[in-house]
Amino acid sequence: MKKKEIILRVAMQLFARKGFKDTSMAELSKTTGAAEGTIFYHFKTKQGIFLEILKNAKEDILSEFNRYIENREFETGIEMMEGAISFYLYLAGLKEDLFMLLHRRYPYELAEVNPDCRDHLESIYNCFVDIFEQAILSGQADGSIGPMPARKTALIVFTMVDGLVRFKLYNLYDAGALFNELIASCRRMLENKPVTG
């Protein structure tokens, strides 16, 4: 692994666990074995490291999701949604440091004053919501999901799923214990129900 990749990986772990503000460059240097000068050569600033982590996150997420979709066939859009939910929970477990970093306050404080940070965060979250929206549109096309605003509904589903991830990351509740209820709730919300009258 190249020194730059090691710096990014360790920085993400430290930023996720301790917070951006409480992580010093001296600590990053000591943990990676890279001199502070080497770190600054690659990234210029601590904020530069943070922005690079966010930039790489979107590419990584898209790559993981594309790999997942390529290896699956779904009979209906509702099945695709259930798969997308399962995959999101799996990804949150696989990339715990990234998700913990995304759930900290600092990225959103920085996004208020730094357009690059805002763009990276919007790209990451749009990527997630696009996955759920794609399933909804597919389900509307095959009739398994009812007529509803696809983007807004995708945002609601994403919020529910990401809320469970937050519980798991902060050891507040076993997200796995709610998985079946989450799937059942999403199914009830999305299914194309015949109109009765």
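The values are calculated or read from the model by the stated rules, or taken from the named source; none is laboratory data. As the structure is a prediction and not an experimental result, all values here were calculated from the model. As a convention, Cβ positions derive from the backbone with ideal geometry for all residues, glycine included, and neighbour counts pool all protein chains shown. Heavy atoms of the whole protein, side chains included, go into the accessibility calculation; ligands, DNA and RNA do not. Shrake-Rupley method; radii C 1.70, N 1.55, O 1.52, S 1.80 Å.
Go through the residues of the range 167-174 one by one and say whether even a single one is under 21 Å from L137 (Cβ atoms) and either crowded, with 16+ Cβ neighbours inside 10 Å or touching a residue at least 60 places away in the same chain (Cβ under 8 Å) (or both). The answer is no; no qualifying residue exists.
Residues satisfying the criterion are present in the range 2-9 (criterion: within 18 Å of K55 (Cβ to Cβ) and part of a loop (DSSP other than H, G, I, E, B)).
Residue count for the range 10-27, restricted to those that are within 15 Å of Y106 (Cα to Cα) and not in a loop (DSSP other than H, G, I, E, B): 8. Taking the numbered list (1) over 20 Å from the mean Cα position of the chain (by Cα); (2) surrounded by 19 or more Cβ atoms within 10 Å (Cβ to Cβ); (3) under 28 Å from G19 (Cβ atoms) in turn, P107 passes all entries but (1). Restricting the range 58-80 to residues that are modelled with pLDDT of 85 or more and among the β-branched types (V, I, T), the residue that is least open to solvent (accessible area, probe 1.4 Å) is I78. For the range 134-145, residues that are assigned to a helix (DSSP H, G or I) and open to solvent by less than 40 Å² (accessible area, probe 1.4 Å) total 3. Taken as a whole, the structure places G33 among residues that are modelled with pLDDT under 90 and at positive phi. When K95 is tested against (1) closer than 30 Å to G48 by Cβ; (2) of a type in the set (K, R); (3) open to solvent by 70 Å² or more (accessible area, probe 1.4 Å), just one condition goes unmet, and that condition is (3).
One residue stands out among those in the range 90-109 that are among the aliphatic types (A, V, I, L, M) and in contact (Cβ under 8 Å) with a residue 60 or more places away in the chain: the one that is farthest from M80 (Cα to Cα), which is L101.
Those helices (runs of 4 or more DSSP H) of the range 28-101 in which at least 1 residues are under 16 Å from the mean Cα position of the chain (by Cα) and under 20 Å from L121 (Cα atoms), considering only elements entirely within it, cover 46-70, 77-94.
Do you know which residues across the range 110-124 are in contact (Cβ under 8 Å) with a residue 24 or more places away in the chain, part of a helix (DSSP H, G or I) and open to solvent by less than 70 Å² (accessible area, probe 1.4 Å)?
Result: L110, C117, H120, L121, S123, I124.
Here is a check on your reading of the model: is D142 more than 22 Å from G19 (Cα to Cα) and free of Cβ contacts under 8 Å to residues at least 24 places away in the same chain? Judged against the criteria, D142 is not a match.
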